[in-house]
Amino acid sequence: MVEEYKKAREKYGELLDTTIQSVLGYYVLPEYLYQTWIMNIDKDDFEVQKVTDSLHNFERSVAIESSNADFKGLFSSSTIDLTDTSLRSNLNERSKNIQALIMLFADLNMVDLQEGDILGDAYKYLIGQFAMEFGKKAGEFYTPHQVSEVKNWAS
């Protein structure tokens, strides 16, 4: 899909960008797509800075349409800091952790998921992984969905 988008962009240029912008309220250049991150990881050509650039580019494309403030500040450095040492102090280790996080979602079919709550489901998944990783102690922060359903049913 990325290759077709690149070809269409070569053919139509900024006209394609403005058309996508008018329909969606934003556009994402081919080099900034999530699928491009995955291709870069597969080719061992991934750089954390490319993710940062992608997020900032997305935000700039939203800012073009001043009436659309839905995404404004979503990816600001105070919200997402890919240089945060909690991701590891070593740049190489930090890059590997970010790559692993990206690859967690690589097999998701985003088209099929558009009907659901993608961010909510992703959040529940990551919190569940955190709880499994840290065992009993994390239980105070997370109740598995199945347990909460049983609790509600029993009430």
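With respect to Asp70, is the statement that it is surrounded by fewer than 14 Cβ atoms within 10 Å (Cβ to Cβ), more than 28 Å from Glu14 (Cβ to Cβ) and at pLDDT below 85 true? Can you show your working first?
Numbers: surrounded by fewer than 14 Cβ atoms within 10 Å (Cβ to Cβ): yes; more than 28 Å from Glu14 (Cβ to Cβ): no; at pLDDT below 85: yes.
Against the criterion (surrounded by fewer than 14 Cβ atoms within 10 Å (Cβ to Cβ), more than 28 Å from Glu14 (Cβ to Cβ) and at pLDDT below 85), Asp70 does not qualify.
The rows are residues; the columns are (1) hydrophobic (A, V, I, L, M, F, W, C); (2) modelled with pLDDT of 90 or more; (3) outside the structural domain of Glu93 (by TED's automatic domain parsing); (4) under 25 Å from Leu101 (Cβ atoms).
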| position | (1), (2), (3), (4) |
| --- | --- |
| Tyr12 | no, yes, no, no |
| Gln21 | no, no, no, no |
| Trp37 | yes, yes, no, yes |
| Lys43 | no, yes, no, yes |
statement: The correct count of residues that are part of a helix (DSSP H, G or I) and on the phi > 0 side of the Ramachandran plot in the range 8-59 is 0
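The values are calculated or read from the model by the stated rules, or taken from the named source; none is laboratory data. Please read all numbers here as calculations on a predicted model, not as lab measurements. A quick note on method: Cβ atoms are made from the backbone with ideal geometry, for glycine too, and the neighbour counts reach across all protein chains shown.
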